[in-house]
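Written below as structure tokens is the structure these notes are about.
The values are calculated or read from the model by the stated rules, or taken from the named source; none is laboratory data. Source: prediction; values computed, not measured. Positions of Cβ are backbone-derived with ideal geometry, glycine not excepted, and every protein chain shown enters the neighbour counts. Only protein heavy atoms, including side chains, enter the accessible area calculation; ligands, DNA and RNA are left aside. Shrake-Rupley method; radii C 1.70, N 1.55, O 1.52, S 1.80 Å.
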Amino acid sequence: MNEHVIVQTISKILIPFIQLYALYVLAHGELGPGGGFQAGAIFGASIVLYVLAFGMKSAKLRFKSKVFDFLTSAGVFIFATVGVLCMIAGGAFLQYSSLPLPTKKLASGIGIYGIEIGVFITVTAVLVTIFFETAEQDDD
Amino acid sequence: MVDIIEIIYLFILIVCSVAAVRMKDLLSSTVVLGAYSLVMAIIWMDLNAVDVAFTEASVGAGITTVLIIAALSRTTRGEYVPGIEERYKTRKARRLKNGALFIVTLCTFGVLVYGTMDMPNFGDPDAPARHHVADRYIEKSHEEVYVENFVTAILASYRGYDTLGETSVIFTAGVALMMLLRRSKS
């Protein structure tokens, strides 16, 4: 454990910035490059970095696989819910401008944020799950 | 017009792919594929496809490499290399197979080169692919979707069903993996 002290210290410093950057990419998808998928990949990568630096055992204590199982389906659910909400508000499936908000621009923006957050959650949870399940056997 | 730097990028891609196939150590192959994705991201950047470049860099060069390495940790690192006797025994069959593969590859290469003759020039603004639906997206997406970045407008609104399907595919992959790998443990 102790021979990884440099890797662990650097990871501890870097991981918050990587995660903040992922959230920036998620929030900035409307204006610049990026979006839910890329943000999910970056956020998943930050958790993978944690596992690589601190080992699978301490990662298992910190990240419960049940939580990620729940998040995997929660993302798709959020996406579909936004679509259904648009239908309830009187528009077509995923027609964001029909959401009952003051301006159409705001409604559209909020709807797109909703689905981007859904994509983000699913992508993060699935990537972390894939890594946890495939790299399971070698613990240190 | 193709710049000299683009030719260098494409040449690096070919070198990387040949190296990834020829290497016996699968871990090195994986790392070379990561480098391939990074150069590919630079090429997308060069073509002004910023969103694609971003995805290529984060998914292709980052996550995929890590996941392949994780998969390698479950299997073996080295590729199977036959001993000298076995290679001597199977040399005729191997020569026949390599010859056949060479001819097939050459034919495919010829067909592909023939196919590129009808294609518009690199970066041609009048290419048909740039005027099918792209004009509408560029001109109208701001009024129709109210979003500044029209790549996001296409992904989230015009092609919203596709994105939902894409997310479902990722979800299905995750669930399938849980079912396959978790059951064997208990």
- Looking at region A:95-117, which of its residues are part of a helix (DSSP H, G or I), more than 10 Å from chain B (Cβ to nearest Cβ) and over 19 Å from the mean Cα position of the chain (by Cα)? A:98
- Query: Considering A:82, A:76, which residue is more than 9 Å from chain B (Cβ to nearest Cβ), in a helix (DSSP H, G or I) and not aromatic (Phe, Trp, Tyr)?
  - Reply: A:82
- Note on the structure: Flagged in region B:8-25 as in contact with a Gly (Cβ under 7 Å, 6 or more places away or on another chain) and either open to solvent by 50 Å² or more (accessible area, probe 1.4 Å) or not assigned by TED's automatic domain parsing to the domain that holds residue B:70 (or both), in numbering order, are B:24
- Task: Identify the single condition in (1) at the interface with chain A (Cβ under 10 Å from one of its Cβ atoms); (2) of a type in the set (D, E, K, R); (3) open to solvent by 90 Å² or more (accessible area, probe 1.4 Å) that residue B:126 does not satisfy, given that it satisfies every other one.
- Result: (1)
- Being open to solvent by 50 Å² or more (accessible area, probe 1.4 Å) and at the interface with another protein chain (Cβ under 10 Å from one of its Cβ atoms) is the filter; apply it to region A:22-45 and report the residue that is farthest from the chain's Cα centre (by Cα). A:31
- Message: Out of B:137, B:114, I need the residue that is open to solvent by less than 50 Å² (accessible area, probe 1.4 Å), among the aromatic types (Phe, Trp, Tyr) and away from chain A (no Cβ under 11 Å). Which one?
- Response: B:137
- Note on the structure: By residue number, the members of region B:41-87 that are crowded, with 17+ Cβ neighbours inside 10 Å and small (Gly, Ala, Ser) are B:41, B:53, B:57, B:58, B:60, B:61, B:62, B:70
- Test set (1) part of a helix (DSSP H, G or I); (2) away from every other protein chain (no Cβ under 11 Å); (3) of a type in the set (Gly, Ala, Ser); (4) without any contact (Cβ under 8 Å) to a residue 24 or more places away in the chain - residue A:90 fails condition number: (1)
- Task: Report yes if some residue within region A:46-67 is under 22 Å from residue B:57 (Cβ atoms), within 7 Å of another protein chain (Cβ to nearest Cβ), modelled with pLDDT of 85 or more and open to solvent by less than 40 Å² (accessible area, probe 1.4 Å); otherwise report no.
- Result: yes
